[in-house]
Structures are given as structure tokens and as C-alpha cells.
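The values are calculated or read from the model by the stated rules, or taken from the named source; none is laboratory data. What you see is a predicted model; the values in this text were computed from it and never measured. All Cβ positions, glycine included, derive from the backbone under ideal geometry; neighbour counts span all protein chains shown.
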Amino acid sequence: MREQRYHGHLKRFFPLGVAAMLVWWRWRPFPVEVEGESMAPALEPGDYLVAVRAKVIQAGSLVVVELPHRPGYEMVKRVAGVPGDQIADLTMGPDEYWVLGDNEEGSTDSRTFGPVPREAIHGQVVLRYWPIRRVAWPGSWSGLASDRPLARNAGAVAPPRL
């Protein structure tokens, strides 16, 4: 009778399965579909992204943020100000972030609704996976390096419109 060998494979792949579970548990990746043009040219409608739960949010990061005053509605924006930064005459509080769309004319962002609290930031974008011809990591995307400076204590963006 032949000896069954599948248990040997199980022993080899079990650590990989545990590692994959730990990675998922730590970062909890989730898919995001881009619907509007507020982040053009970096992101276009029909782009699909992967975002993860990030512990540290830095200026320049693309984040998935829940729109204040509209629970459940999420948008992708770029972080332009972090706690302690001064945006025009407004200083970010200890748990506040200033988020902007790359397409200034076509974006609803902190210029409209003001700073967002940390709990409104649901994740940080780490990968564009669709369409295939546009697969990329954030640092390599065209349009990500904006020619306008980040707000970092520079007063580079206007305060919210009221």
C-alpha cells in the first residue's frame, strides 16, 4: 500500500497560512473603487485600489476618508496636513488631518468641510490593481507628486469655505 504524503505538504504550508492570516489581521486590506475625478490625474474613475488600516498617517499619503456629515460615504484624498501643522491661519489639532483632492476644481475636501478626525480615516492606499495597464504602487503613480507644496506649516492651502 502507498504511503500518504499529503501531511508533509500540510506541515510546509501551514506556517505560510498562519503568516497570511497575521498579515491580514494586522493590516486588514480592503478594496476601493474610484468613482469621481477629484484625484485626477493620479486616480481615474474605474481604478480599483487596495487600502490597509494604517497606524501612522503621513503628509502626502493617499487615504480613504469618510465624509464628515455623511456617514458611510468614503472618498480617496491626499493628506496635506497632519496634527500640529498650520494650514493658513488654522492649526491642526492633536487628532486632525487636512485632506485634499489632486483636482482642485473637481474636489470636495478639507477646503469645503475642514479638518477630519483620525477616526474618519479608514485606511491608506497601498496599491492600484485595476485596470491592469495602470497597476502601480503609490510612489510610482503619475500625478502623485503634486507641483503644489504640502501644507506643512507653509500656509499653502486656503482655509475651509463656509
*From the residues in the stretch 108-131 that are part of a loop (DSSP other than H, G, I, E, B) and in contact with a strand residue (DSSP E or B) (Cβ under 7 Å, 6 or more places away or on another chain), which one is surrounded by the fewest Cβ atoms within 10 Å (Cβ to Cβ)?*
PRO115
*asked:* Any residue in the stretch 93-115 that is in contact (Cβ under 8 Å) with a residue 12 or more places away in the chain sitting within a Cβ distance under 9 Å of a residue that is among the aromatic types (Phe, Trp, Tyr)? List the pairs, counting only those 6 or more apart or interchain.
replied: ASP109/TRP98; SER110/TYR97; SER110/TRP98; ARG111/TRP98; GLY114/TRP98; PRO115/TYR97; PRO115/TRP98
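Could you tell me whether any residue of the stretch 140-160 is in contact with a Phe, Trp or Tyr (Cβ under 8 Å, 6 or more places away or on another chain) and at pLDDT 85 or above? I'd like the intermediate steps shown before the answer.
Taking the stretch 140-160 first, the residues in contact with a Phe, Trp or Tyr (Cβ under 8 Å, 6 or more places away or on another chain) are 151, 157, 160.
Among the residues that remain, those that are also at pLDDT 85 or above are: none.
Within the stretch 140-160, not a single residue is in contact with a Phe, Trp or Tyr (Cβ under 8 Å, 6 or more places away or on another chain) and at pLDDT 85 or above.
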*Checking GLU105 against (1) surrounded by fewer than 15 Cβ atoms within 10 Å (Cβ to Cβ); (2) farther than 21 Å from ALA42 by Cβ; (3) not aliphatic (A, V, I, L, M), the condition it does not meet*: (2)
*What single numbered condition from (1) surrounded by fewer than 16 Cβ atoms within 10 Å (Cβ to Cβ); (2) within 14 Å of the chain's Cα centre (by Cα); (3) modelled with pLDDT of 90 or more fails to hold for TRP137?*
(3)
*For VAL99, are the conditions met, namely being in contact with a helix residue (DSSP H, G or I) (Cβ under 6 Å, 6 or more places away or on another chain) and either in a loop (DSSP other than H, G, I, E, B) or not hydroxyl-bearing (Ser, Thr, Tyr) (or both)?*
yes
